[in-house]
Amino acid sequence: MKPIIYDYTLERLRDWMKENGEPAFRADQLFDWLYAKRVERFEDMTNLPKGLREKLDDQFRFAALHEITRLESKDGTVKFLFGLHDNHAIETVIMRHNYGNSVCVTTQVGCRIGCTFCASTLGGLKRNLTAGEIVAQVVTAQKMLDRIGERVSSIVIMGSGEPFENYEETMTFLRIMIHEKGLNIGQRHITVSTSGIVPNIYRFADEDTQINLAISIHAPNDELRSKLMPVNRRYPFADVMEACRYYLEKTGRRITFEYALIGNVNDRPEHAQQLAEVLKGMLCHVNLIPVNHVPERKYVRTSRDDIFEFHRILVRNGINATIRREQGHDIAAACGQLRAKHMDSMAR
Ligand code: SF4
């Protein structure tokens, strides 16, 4: 199988050009066709010599994704189910906000982390995506937005999968996204979210980027976190918090803690109080995400009053917190639900 052209950073394309007897500037021209002009055929890259176009066509492929389904919500959220060359399927979501368009990308087919409230993990991990397969999700979103004269203004790496278990490919993806000759997405408009893969939190802190870090915390203590997120047995709560403190010291950048509220499980006032104590004094923000009913786990949604009470306790204790506005509710936009339905129908 030929590599996807989107797998390559500009620097790697320059090396490829040199190795193939071409001047390095041809890589810049190619990059411009890929990300500024967004063509999807080498033959359309008219300022590249014909022989080079043929060689590129011979050695690389474009077709990273094909659209299986597209659902559009009343609130503007668009959810894609994409097929990959090996028949796997992944989800990508475009969220329309009044401040711009955000794309939520997937980094793995399935996930092995096993969070108990998440549909993406039900079939386990199938494989990592390549950087190009992640890039192609954003390029496809941008091409859709091109039709209405808008651009992707932010990226969240919060789709299926654990990006820090596919670290190299995720970082290559990010380098392509932030490149000024690429889509040139502002680093501060990108957020990578991890379930707490401790060694790679340290590694990410040392990368010297302005990219935001979000940690899925979901519980204020080890015991409860281990029940909700088996990864906590591998990387305990205290180790995650220590890695977070290192990140804060190293980067001076605020961390976002994602907290999925599950009715009667982790949403009691004492949980909010305990969370506030753990986070006291940290440069952070808590994003409360009310979880929808998960029939497989008998989870129920936290009541409106309890959501506000949880939020109030955090704020009263000096913790910066917000409640996530739900988007795409009418199109099953929660992580992994569309793919799960697709896998179900394939199995029948
Ligand atoms: S929430 Fe994220 S890390 Fe947890 S199982 Fe789902 S995809 Fe994996």
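The values are calculated or read from the model by the stated rules, or taken from the named source; none is laboratory data. Note that this is a predicted model, so its numbers are computed, not measured. Every residue, glycine as well, gets a Cβ built from its backbone with ideal geometry; the counts of neighbours run over all protein chains shown.
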- Within the range 120-157, which residues are on the phi > 0 side of the Ramachandran plot and within 13 Å of the ligand (Cβ to nearest atom)? 124
- Message: Among the numbered criteria (1) at negative phi; (2) away from the ligand (no atom under 15 Å from the Cβ); (3) over 17 Å from the mean Cα position of the chain (by Cα), which one does residue 117 miss?
- Response: (2)
- Query: Which one is surrounded by the fewest Cβ atoms within 10 Å (Cβ to Cβ), of the residues in the range 42-72 that are free of Cβ contacts under 8 Å to residues at least 24 places away in the same chain and closer than 19 Å to residue 183 by Cβ?
  - Reply: 44
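For the structure I just gave you, tell me whether residue 191 is assigned to a helix (DSSP H, G or I) and either within 16 Å of the ligand (Cβ to nearest atom) or among the small types (Gly, Ala, Ser) (or both).
no
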- Query: Which residues, taken from the range 169-192, are more than 14 Å from the chain's Cα centre (by Cα) and not polar (S, T, N, Q)?
  - Reply: 175, 176, 178, 179, 180, 181, 182, 183, 185, 186, 188
- Task: Go through the range 183-218 and give me each residue that's at positive phi and surrounded by fewer than 19 Cβ atoms within 10 Å (Cβ to Cβ).
- Result: 184, 208
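Condition check ((1) in contact with a Cys (Cβ under 8 Å, 6 or more places away or on another chain); (2) closer than 21 Å to residue 235 by Cα; (3) modelled with pLDDT under 95) across all residues:
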site: 110; (1), (2), (3): no, yes, yes
site: 116; (1), (2), (3): no, yes, yes
site: 126; (1), (2), (3): no, no, no
site: 130; (1), (2), (3): no, no, no
site: 138; (1), (2), (3): no, no, no
site: 142; (1), (2), (3): no, no, no
site: 153; (1), (2), (3): no, no, no
site: 195; (1), (2), (3): yes, yes, no
site: 200; (1), (2), (3): no, yes, no
- Message: Taking the condition of being crowded, with 24+ Cβ neighbours inside 10 Å and more than 16 Å from the ligand (Cβ to nearest atom), how many residues in the range 102-114 meet it?
- Response: 1
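Picking from 149, 124, which residue would you name as being in contact with a Lys or Arg (Cβ under 6 Å, 6 or more places away or on another chain) and without any contact (Cβ under 8 Å) to a residue 24 or more places away in the chain?
So the residue among 149, 124 that is in contact with a Lys or Arg (Cβ under 6 Å, 6 or more places away or on another chain) and without any contact (Cβ under 8 Å) to a residue 24 or more places away in the chain is 124.
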